[in-house]
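FYI, it's all coordinate maths here, none of it is from the lab. These figures come from a predicted structure and were not determined experimentally. Here Cβ is always computed from backbone atoms with ideal geometry, including for glycine, and neighbour counts include all displayed protein chains.
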Amino acid sequence: MARRYGRRRHRRGGMKIPILSLGIVAGQALAAYSQGGDMGQKVSRFISYYTGFDAGSRVFDPNALIVGYAPWVALGLAKKVVFPLARPRLGKFLPVSLA
């Protein structure tokens with residue numbers, strides 16, 4: 001069996017920027033910023049989106065969890081359901097998508 005020296009497979013495409021994820025986090029940061037108050041209260045509100053616990057008032061807020069996790073669940077569903085429909089592939093006949 002012949003050995004191939006000097007050939008390396010290069011990953012094509014480079015690094016991809018997670019635009020949708022950055023958009024979700026930026027939207028949540030803007031929602032926390034629009035609540036008002038000083039910077040500590042804004043950061044506490046942003047943290048409460050993922051923990052449900054508001055450190056300022058020391059109370060559990062389940063609505064904050066909806067704001068924090070609903071966009072991620074919707075993104076996961078979109079990746080499983082909508083994206084494959086938007087980029088149909090014809091299997092072995094065409095190795096690239098039509099989109």
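Quick look at the numbers
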read-out: By average C-beta atoms within 10 angstrom, highest first, the peptides 75-86, 53-64, 35-46; value: 35-46, 53-64, 75-86
read-out: Ranked packing of 17-23, 27-33, most packed first, by mean Cβ within 10 Å; value: 27-33, 17-23
read-out: Anisotropy class of the stretch 37-81 from Cα gyration tensor, a/c 1.5 cut; value: prolate
read-out: For the stretch 61-66, 3J(HN,Hα) per residue [Karplus equation, 6.51 cos²θ - 1.76 cosθ + 1.60, θ = phi - 60°, Hz, x = Gly/Pro]; value: 10, x, 5, 5, 5, 5
